[in-house]
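The values are calculated or read from the model by the stated rules, or taken from the named source; none is laboratory data. Treat the numbers as computed from the prediction; the structure is a model and nothing was measured. In this analysis, Cβ positions are derived from the backbone assuming ideal geometry, glycine residues included, and neighbour counts consider all displayed protein chains. What goes into the accessible areas is simple: the full protein's heavy atoms, side chains included, and nothing from ligands, DNA or RNA. Shrake-Rupley method; radii C 1.70, N 1.55, O 1.52, S 1.80 Å.
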Amino acid sequence: MTAALLGTAALTLSACGEEETNETEQSSEWDRIQEEGVLTVGTSGTLLATSYRDEESGELTGFEVEVVRELGDRLDLEIEFRELGFDEMLTSVSTGQLDMAANDIEVTEDMTDQFLFSTPIKYSYGTAVVREDDLSGIESLEDLEGKKAAGVSTSVYMQIARDYGAKEVTYDNATNEIYLRDVSIGRTDVILNDYYLSKFGVAAFPELNITIHPDIQYLPSEVGLVVNQDNGALLEQVNDTLGEMLSDGTISEISAEFFDGADVSVEPDIEEEN
């Protein structure tokens with residue numbers, strides 16, 4: 001019995017030691033960020049209206065870019081943005097090369113298994129960008145079979161396209177204009193994506209033969225900032241600050257600037273397609 005008790009005590013001490021080590025590592029990572037005074041954030045720089053370069057100034061801006069800048073100001077940290085493709089961005093967060101990713105990244109079960117997400121800063125749902133003159137021959141998601149769907153291979157939207165039998169067409173961190181122009185000229189047929197981003201993109205290129213499908217709504221979504229699973233101390237600071245920004249209306253104001261007056265921090269009321 002004594003040996004068993006000693007064994008149990010050893011396991012308990014071991015478990016406590018592991019918890020203390022994890023807490024110390026998390027605290028040390030947040031301490032490092034504070035000491036350096038810099039938060040490194042991955043973003044694409046090509047995603048209207050979340051992260052893109054202003055045509056006139058060439059400056060990086062967008063909804064999440066400006067949310068992160070305000071976050072940095074309140075945490076007394078300089079923000080260092082690094083423009084990367086979606087997959088490279090997530091890999092860099094996972095390996096600790098980046099502290100955070102901000103690029104309209106949706107909270108999904110698969111993603112929460114790999115990363116920590118902040119408090120949601122944007123709610124939306126999925127839509128489809130199609131040709132304006134014939135809706136690309138699509139009436140519902142069922143009609144995606146055999147159509148050419150453009151997008152990021154690892155996105156939840158491309159997975160939906162694949163599930164409905166669409167042919168996948170992917171790009172390497174291409175601009176919105178390339179995606180949208182290809183639909184317009186018939187090189188591809190459809191882009192499944194977030195409603196607000198799609199609305200902004202379509203409005204930015206009125207000369208193109210594209211529109212948002214009037215009858216397709218699906219997949220209510222939440223978007224948050226993404227950090228490494230071992231960086232819980234940073235996430236705590238981020239969530240406290242985002243809570244303040246949501247409460248005082250700052251995020252609503254930034255949203256209105258980039259989404260034509262809409263407040264993406266409020267959950268929309270939609271009728272999902274079955």
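The table for this structure:
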quantity: Every residue from segment 185-198 that is over 16 Å from the mean Cα position of the chain (by Cα) and crowded, with 20+ Cβ neighbours inside 10 Å; calculated: 188, 189, 190, 191
quantity: Selection count where residues are of a type in the set (Val, Ile, Thr) and surrounded by fewer than 24 Cβ atoms within 10 Å (Cβ to Cβ), scope segment 39-61; calculated: 3
quantity: Selection status of residue 260, modelled with pLDDT under 95 and farther than 28 Å from residue 154 by Cβ; calculated: yes
quantity: From 219, 242, 246, 234, residue being surrounded by 15 or more Cβ atoms within 10 Å (Cβ to Cβ) and not in a helix (DSSP H, G or I); calculated: 219
quantity: Neighbours by Cβ (under 6 Å, 6+ apart or cross-chain): first from segment 132-161, over 19 Å from residue 199 (Cα atoms); second open to solvent by less than 30 Å² (accessible area, probe 1.4 Å) and of a type outside the set (A, V, I, L, M); calculated: 147/189; 148/188; 148/189
quantity: Number of the condition not met by residue 164 [criteria: (1) touching a Gly at 6+ places or on another chain (Cβ under 9 Å); (2) open to solvent by 50 Å² or more (accessible area, probe 1.4 Å); (3) hydroxyl-bearing (Ser, Thr, Tyr)]; calculated: (1)
quantity: Residue under evaluation residue 148, criteria (1) crowded, with 22+ Cβ neighbours inside 10 Å; (2) within 19 Å of residue 174 (Cβ to Cβ), criterion not met; calculated: (1)
quantity: Neighbours by Cβ (under 9 Å, 6+ apart or cross-chain): first from segment 103-115, farther than 18 Å from residue 173 by Cβ and hydrophobic (A, V, I, L, M, F, W, C); second open to solvent by 50 Å² or more (accessible area, probe 1.4 Å) and in a loop (DSSP other than H, G, I, E, B); calculated: 115/229
quantity: Complete set of residues in segment 128-181 that are part of a strand (DSSP E or B) and either closer than 30 Å to residue 82 by Cα or under 23 Å from the mean Cα position of the chain (by Cα) (or both); calculated: 128, 129, 130, 149, 150, 151, 168, 169, 170
quantity: Evaluation of residue 99 against (1) within 30 Å of residue 183 (Cβ to Cβ); (2) of a type in the set (D, E, K, R); (3) open to solvent by less than 30 Å² (accessible area, probe 1.4 Å) (one fails), failing number; calculated: (1)
quantity: Count - residues of segment 201-228 that are within 20 Å of the chain's Cα centre (by Cα) and hydrophobic (A, V, I, L, M, F, W, C); calculated: 6
quantity: Options 29, 35, 70: the member that is open to solvent by 70 Å² or more (accessible area, probe 1.4 Å) and more than 24 Å from residue 129 (Cα to Cα); calculated: 35
